[in-house]
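The values are calculated or read from the model by the stated rules, or taken from the named source; none is laboratory data. Values in this document were obtained by computation on a predicted structure and should not be read as measured data. Glycine gets a Cβ as well: all are built from the backbone with ideal geometry, and neighbour counts include every protein chain shown. In case anyone asks, the SASA skips ligands and DNA or RNA and just uses the protein heavy atoms, side chains included. Shrake-Rupley method; radii C 1.70, N 1.55, O 1.52, S 1.80 Å.
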Amino acid sequence: MKIFSEKKQIQKYAEQIRKNRETIGFVPTMGALHDGHLSLVEQALENNDKVVVSIFVNPTQFDNPEDLKKYPRTLKDDTDRLASVSKDIVVYAPSTDDIYEGHTVADTFSFDGLEEEMEGQFRAGHFDGVGTIVKRLFEIIRPHCAYFGEKDFQQLMIVKKLVEKYDIPVEIVGCEIHREPSGLAMSSRNERLKPQFREAAPLIYKVLRTAKLKFGIESANKVTEWVQEQFDNQDLLKLEYFTIADTKTLKPIKRKTKKRNYRAFIAVYADDIRLIDNIALN
Ligand code: PAF
């Protein structure tokens, strides 16, 4: 398996692929790969001639330095896992300098308000960091398609907006959330959950599923109150937010209308580990 650490190497490789009139599917990751990532890779392999996976813990998207420090870095395991899926996958695992050239600062973006909702309210500058790295990776690799998980639904919408605003010729493919048998959405952060928190965390998806049923018959306010109660009734998980929002604008729902699609979004702390999830409501 080819593993490149410098952008000039991956650029040269990608250029050759395009010259051969082959397509490039791209899966950007921060490593600590789990089955959710591998499902994106498998989808990319199915739909493209070649697949590039980037592994880079992007410092500018972390609002919390402790979180950045503790983020798992498991390059050897990650490349072994990818090689077990296909030896044809190409990995781009750059250093911070290769991406930021000595100036590790995010660019500033407007994503027409998408960045102001939910995660944007709790993680200052996060989406500027995501926009910066995703745009740079697209410019380096110039993929035909790029794959993002719906667990980070707001990120997926923002990447679509980025591509539209900067006219970047890449198709963004959103992929369903991959879940553990308990229902917990797969995340690189799950590995850090202590046993009692891992046992408690499936409550998040359980609450989302019931909220979906309740949303069919009750107001959004009532559903939100009910969700808050479920977290108040236990000690291990701390609800940061639960929001029912319009799927397109991500604005919190005001009045339910049949013409719009809604999604419920949640962020929860399990100890010091922040977990997010979401569910389509209609
Ligand atoms: O979703 C992630 O893992 C990251 O936000 C991404 C898209 C790889 C950018 O660093």
Worksheet item: Just checking, how many residues over region 138-149 are open to solvent by 20 Å² or more (accessible area, probe 1.4 Å) and within 11 Å of the ligand (Cβ to nearest atom)?
Response: 1
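Residues checked against (1) closer than 30 Å to D112 by Cα; (2) without any contact (Cβ under 8 Å) to a residue 24 or more places away in the chain:
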{"position": "S188", "(1), (2)": "yes, no"}
{"position": "E191", "(1), (2)": "no, no"}
{"position": "P195", "(1), (2)": "no, yes"}
{"position": "N221", "(1), (2)": "yes, yes"}
{"position": "Q234", "(1), (2)": "no, no"}
{"position": "L250", "(1), (2)": "yes, no"}
{"position": "K258", "(1), (2)": "yes, yes"}
{"position": "L275", "(1), (2)": "yes, no"}
{"position": "N282", "(1), (2)": "yes, no"}
Practice prompt. Please work out which residue is surrounded by the most Cβ atoms within 10 Å (Cβ to Cβ), limiting yourself to region 189-217 and to residues that are of a type in the set (A, V, I, L, M) and outside any helix (DSSP H, G or I).
Written response: A201
Practice prompt. Report yes if V90 is among the aliphatic types (A, V, I, L, M), within 15 Å of the ligand (Cβ to nearest atom), open to solvent by less than 70 Å² (accessible area, probe 1.4 Å) and under 21 Å from the mean Cα position of the chain (by Cα), otherwise no.
Written response: no
Worksheet item: Do we find that I279 is of a type in the set (V, I, T) and part of a loop (DSSP other than H, G, I, E, B) in this structure?
Response: no
Worksheet, complete the sentence: Residue set T243, T257; condition in a strand (DSSP E or B) and open to solvent by 20 Å² or more (accessible area, probe 1.4 Å); output residue T243
Fill in: Residue list for region 161-188, filter: assigned to a helix (DSSP H, G or I) and in contact with a Gly (Cβ under 8 Å, 6 or more places away or on another chain)
L162, S188
Worksheet item: Which residues, counting only those in region 117-137, are within 11 Å of the ligand (Cβ to nearest atom) and not charged (D, E, K, R)?
Response: H126, F127, G129, V130, G131, T132, I133, V134, L137
